[in-house]
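Trainee: First the structure, then my questions, so here it is.
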């Protein structure tokens, strides 16, 4: 078996990386300054727990870092780990918020989820935690 064949065996290398993903943070490079970070994740997917059909959404994370800042590649891989999970919109947004808050403990965080239309219905969820610092 060649190295290419080994690397592409099931699960595929990308699937393995996603399955092992976790949110990684690094130290805030400027703890003296109050600033806001916005991260857009336009390709979120999960599956409806009732139909099994895919759900698509754009997620937006806005936060004010305290001690830690989210590392973007790890965040992307973590978000991709929901791709095949059967989970409701409400549960997935709350779970992501819990993981984000637990990992970095920002001053405040706002998670906005805008789910694409399916069956003539759209849904948006907003979750907030913490307080803005001036």
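The values are calculated or read from the model by the stated rules, or taken from the named source; none is laboratory data. Since this is a predicted model, take the numbers as computed values, not measurements. Note that we place each Cβ from the backbone using ideal geometry, even for glycine, and neighbour counts take in every protein chain shown.
Trainee: Can you say whether residue 104 is at pLDDT 95 or above, in contact with a helix residue (DSSP H, G or I) (Cβ under 7 Å, 6 or more places away or on another chain) and crowded, with 18+ Cβ neighbours inside 10 Å, as far as the supplied structure shows? If you could, list the steps in order and put the result at the bottom.
Mentor: Numbers: at pLDDT 95 or above: yes; in contact with a helix residue (DSSP H, G or I) (Cβ under 7 Å, 6 or more places away or on another chain): no; crowded, with 18+ Cβ neighbours inside 10 Å: yes.
No.
Trainee: Against the definition (touching a strand residue (DSSP E or B) at 6+ places or on another chain (Cβ under 7 Å), part of a strand (DSSP E or B), modelled with pLDDT under 95 and more than 22 Å from residue 22 (Cβ to Cβ)), how does residue 122 come out, yes or no? Working first, answer last.
Mentor: Numbers: touching a strand residue (DSSP E or B) at 6+ places or on another chain (Cβ under 7 Å): yes; part of a strand (DSSP E or B): yes; modelled with pLDDT under 95: yes; more than 22 Å from residue 22 (Cβ to Cβ): yes.
When the stated conditions are applied, residue 122 passes them.
Trainee: Follow-up. Pick from the range 20-38 the residues that are modelled with pLDDT of 95 or more and in contact with a helix residue (DSSP H, G or I) (Cβ under 7 Å, 6 or more places away or on another chain): which of them is surrounded by the fewest Cβ atoms within 10 Å (Cβ to Cβ)?
Mentor: Taking the candidates together, the pick is 24.
Trainee: Does at least one position in the range 59-75 carry a residue that is under 13 Å from residue 25 (Cβ atoms), modelled with pLDDT of 95 or more, touching a helix residue (DSSP H, G or I) at 6+ places or on another chain (Cβ under 8 Å) and loosely packed, with under 15 Cβ neighbours inside 10 Å?
Mentor: Scanning the range 59-75 turns up at least one residue that is under 13 Å from residue 25 (Cβ atoms), modelled with pLDDT of 95 or more, touching a helix residue (DSSP H, G or I) at 6+ places or on another chain (Cβ under 8 Å) and loosely packed, with under 15 Cβ neighbours inside 10 Å.
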